[in-house]
Amino acid sequence: MYDVCIIGAGVSGCAVARELARYEGKFCVIEKCEDVCCGTSKANSAIVHAGFDAAQGSLMAKLNVQGNRMMGELAKELDVPFERNGSLVICQDENDLPKLRSLYEKGMANGVADLQILSKEEVRKLEPNLTDRMAGALYAPTGGIVCPFLLTIALAENAADNGVEFWFDSQVNQIRKEDGYFTIETGAGRLESRYIVNAAGVYADRIHNMVSSNTMQITARKGEYCLLDRSAGTHVSHTIFTLPTPMGKGVLVTPTVHGNLLVGPTAADIPDKEGTDTTAAGLAELMQKAGMTVKNLPFRQVITSFAGLRAHLNENEFVIGEAEDVPQFIDVAGIESPGLSSAPAIGVMVADILRDSMGLREKEHFQAKRKGILNPADLSFEERNALIQREPAYGNVICRCESVTEGEIIDAIHRPVGAKSLDGIKRRTRAGMGRCQSGFCSPKVMEILKRELQIRMEDVTKCGGHSVIAAGQTKTGK
Ligand SMILES: Cc1cc2nc3c(=O)[nH]c(=O)nc-3n(C[C@H](O)[C@H](O)[C@H](O)COP(=O)(O)OP(=O)(O)OC[C@H]3O[C@@H](n4cnc5c(N)ncnc54)[C@H](O)[C@@H]3O)c2cc1C
């Protein structure tokens, strides 16, 4: 019997787990995939929004601004890359300047600090590669960029270090409530819990509707992207938005914390909650729209494309709190953008609800700090040499594009909530994220996974389940 079971190991579920770990109790996270960060949290713009976009007085606006304020300290505690690069919303037409002013006023009302409206000339000084279709911009110096994988992984590792259990490959199929607790049937077995937190992303409606008669419906709103090589990473230094539309924040161009350039997303409602394919039409649309704000975008440097699904509710608002007709069942639903930015504040809000409702007591020895995987490139020449003398695996470069060593990959496998697949290694170390997109390093990473996890080569997967790579017998023998 758990005290709280969190369904979904995305950034929302992991942020709740980490905050809940401050209290005494038996807590778990249940995830249908093989790892954390396999849903929307792995495919988004990675922006820590300033908070001028969400409707004034909404929960979305409040948590966005709070989350943005918390992100710097959290990133330090968890050793996650985060940068306040600032964002610019470009107004492309003089006639739209009143819309820019309303965005400024909304931001001020939401409590966003240091907002400014800049003239065309001022914007040009900040970003020389913008096109001439520009009448001015809203500048938000508090806007930032973060690594969404490392943030989610770090939250999960820190929660695990503080006693939270993780169940993977455990899809929740049914929930029953009886005698004041829930029985949860998963693909990997049954468990019981006094409270449930529903943080299942685009599937939060299905989980909610398993127990509540006030049904909820989440629409998957797809966003496609292309990612450009590091050689294009300085084309802009701020995050460049256009004025928002009813479908979202529009196509943006932004550097990433790892030095790449990201262009996207599109926005289209789709019926398939697994529909993360990219399309020629979607990529053409985002290239055309991005080209209207930023000139000479080097699209020959595209190294990959991907898509993510926003968990869109008609209300266009986060739904966080106890379900009206199901006591002890807490929804964290409709967490579309700015969900990543809001995650630190969502974690605190849900942990506060649980603390007050369950009478939780704070732990005496909560460990707030977590250290990331050691990157030899961050060391001085002398320190690196000493490290390689002690542990030669740090001298064996496995991914040449991103300079990732065997030592880092071994660490990624053996830490709490460790990597079990090629994608798990990729998200933790960046091996395979570079220009060749794992063409050279994947066989070597597979060898390391086989050796460290003591499994057969045929059982090494790209991303768990049946995604085996080597020819021969599969896990099921078929
Ligand atoms: C195109 C796009 C761009 C975005 N850009 C930004 C941005 O720049 N900044 C920002 O702040 N936000 C952004 N967002 C929003 C942000 O990515 C999300 O709000 C956030 O990642 C949601 O996290 P989550 O944990 O709620 O959901 P998810 O990350 O989807 O996690 C839900 C988890 O639940 C699991 N699950 C589902 N069903 C079950 C089940 N039955 N049993 C067990 N587990 C289950 C899933 O496998 C998944 O791992 C963007 C989103 C998209 C799609």
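For this structure, a couple of remarks:
- Cα shape, the range 243-389, gyration tensor, a/c 1.5 rule: oblate
- Amide hydrogen neighbours beyond the local backbone of Ile398, cut-off 5 Å, H modeled: Val404, Thr405, Glu406
- For the chain, Cys with no neighbouring Cys Cβ under 4.7 Å: Cys5, Cys14, Cys28, Cys37, Cys91, Cys147, Cys226, Cys401, Cys436, Cys463
- Footprinting exposure proxy for Arg435, Arg430 (fewest neighbouring C-beta atoms within 10 Å first): Arg435, Arg430
- Compactness index (Cα Rg / 2.2 N^0.38 Å), the chain: 0.97
- Unsatisfied cross-links (Cα-Cα over 28 Å) in the set Lys249/Lys369; Lys76/Lys289; Lys222/Lys295; Lys120/Lys289: Lys249/Lys369; Lys76/Lys289
- Note on the range 316-428: Cα Rg divided by 2.2 N^0.38 Å, N the number of residues, gives 1.57.
- As a length-normalised measure over Cα pairs under 8 Å and 6 or more apart, the relative contact order of the chain settles at 20 percent.
- Relative contact order, percent, the range 302-427 [alpha-carbon distance under 8 Å, six or more residues apart]: 12 percent
- Simple spin-label estimate for Ser58 and Glu447 in nanometres, 7 Å along Cα-Cβ: 5.1 nm
- Using θ = phi - 60° in the Karplus curve 6.51 cos²θ - 1.76 cosθ + 1.60, the 3J(HN,Hα) couplings for the range 103-109 round to 5, 4, 5, 4, x, 4, 5 Hz; x is entered for Gly and Pro.
- Straight Cα distances below 18 angstrom link Lys450 to the lysines Lys420, Lys426, Lys462, Lys475, with same-chain residues fewer than 8 positions distant left out.
- Across all directions, the average flat footprint of the convex hull enclosing the Cα atoms of the range 376-459 is 5.5 nm².
- Residue-averaged [θ]222 nm for the chain, counting only DSSP H segments that reach four residues, each worth -39500 (n - 2.57): -9500 deg cm²/dmol
- Computed over the range 376-459: relative contact order in percent, which uses C-alpha pairs under 8 Å that are six or more apart: 23 percent
Taken together, the values in this text are just the output of simple stated rules run on the coordinates, not laboratory data. Predicted, not measured: the structure shown is a model, and the values here were computed from it. Counting neighbours? That spans all protein chains shown, and the Cβs are built from the backbone with ideal geometry, glycine included.
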